[in-house]
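A short write-up of the structure that comes next.
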Amino acid sequence: MSLRFALFAAIFSLFVTHAAHAEGPILLVDDPAILAALDAKGFGFAGIFGVDGKGDLKTLHDKAPAYRQIVETVASDVATLRAEMKAGGRPLYEVTDGNVGRIMDMRWLKTDAARFRLVGVANRLDRRDFVEMKGDRSCGEVRFIYRLAYSFRKNGKALASRLPFNFNAVYSAATDADGGCVGVAGCWTPQLDESVDAGWLIGGPLERAGLTFKQLELNAQVVRFPSGQETEFGGQAAYLMRIFAIDGAAVNEKPLENTPDTARLAEDVALKTRLADYIGANVAAVDLGVYEIPDEFLAKKVVSWSTFGSKAGQSSIHAAVPARGFCRARLFGLEAGAHA
């Protein structure tokens, strides 16, 4: 009997050890209560700029030169788009009840009635493949997603909502002491006796010492046409995309990953030819989905229109190398499927 019990205990122990990891790693944190706790414990948007306080955007705009520079860049982009739309016969308005085109009111980015709330934390250790291509030593990325929200009182009523204006703060995940990533990846998998809450995350996968700020990515709806005006599309919207590197008070615009500058490529035949050469030389990597187009071909700003799909030329690689723009024979014999 004792031998049977010992055997049963050993098997049960193995089962429990395996089951402790049965549910797999945490890939996305989207629980509002956990996110609110993280926001309040040092992972708020203002902390990216070294600003303490309640996180309202007036305080951030007043105290953080880097944030002000980002707001100025976005404001310039929005003003340029507005002028282009007006020249094409489509005026835009910040405040309106009419069935007309609407544009982002930049006052939201510097008012005490608004802040960027943490709405998600993404485990992107799978990005290690891209990191290795650059020769960096890290275990991929951790991303904190912030969305613009407002709250104020008007005529005795409380008004609060969120706007489709998002920042993605990207951090590099440090390696284990031996240079590997097994331990780092394991931190994202809770044991059976552990509950996933803010404390568990801060003491584990989100431990500050293991995260290094990399860049701030913007994906924001800046123009909206209602469905009553764009009846064939059920509405239409324009999204502004940018990436910012932040070093203290300094801000630099970074190229958008794998996003060709189609306007520049259309005007520069030599540049387009070099892009075709790159694709031909790297078709196997493209087939695997792990490649990075060199910076010289990339855009630093993109305005992407919804409902256009593959015709949203400013964000489509197909538009970067149209059929008439380079010789198809350059890629002859390099069918991607051959490298699968």
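The values are calculated or read from the model by the stated rules, or taken from the named source; none is laboratory data. In this text, all values refer to a predicted model and were calculated from it rather than measured experimentally. Virtual Cβ from ideal backbone geometry, glycine too; neighbours counted across all protein chains shown.
Could you please find all residues in the stretch 156-179 being without any contact (Cβ under 8 Å) to a residue 40 or more places away in the chain and not hydroxyl-bearing (Ser, Thr, Tyr)?
The answer is Gly156, Lys157, Ala158, Leu159, Ala160, Ala174, Asp176, Ala177, Asp178.
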Picking from Arg147, Arg127, Arg153, the residue that is on the phi < 0 side of the Ramachandran plot, of a type in the set (D, E, K, R) and in contact (Cβ under 8 Å) with a residue 24 or more places away in the chain would be Arg147
Check the stretch 282-289 and report whether any residue there is touching an Asp or Glu at 6+ places or on another chain (Cβ under 6 Å) and surrounded by fewer than 16 Cβ atoms within 10 Å (Cβ to Cβ). no
Mind listing just one residue for me: the one in the stretch 92-117 that is modelled with pLDDT of 95 or more and touching a Phe, Trp or Tyr at 6+ places or on another chain (Cβ under 6 Å) and, of those, farthest from Asp295 (Cα to Cα)? Ala113
Hey, any hits in the stretch 178-185 for a residue that's acidic (Asp, Glu) and buried (at least 16 other Cβ atoms within 10 Å of the Cβ)? no
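Would you confirm, using the coordinates I've provided, whether Leu92 is more than 22 Å from the chain's Cα centre (by Cα) and either among the aliphatic types (A, V, I, L, M) or not assigned by TED's automatic domain parsing to the domain that holds Lys214 (or both)?
Numbers: more than 22 Å from the chain's Cα centre (by Cα): yes; either among the aliphatic types (A, V, I, L, M) or not assigned by TED's automatic domain parsing to the domain that holds Lys214 (or both): yes.
Yes; evaluated as a whole, the condition is true for this residue.
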Only one of Ser310, Ser316, Ser304 is at pLDDT below 90, among the small types (Gly, Ala, Ser) and within 19 Å of the chain's Cα centre (by Cα); which? Ser316
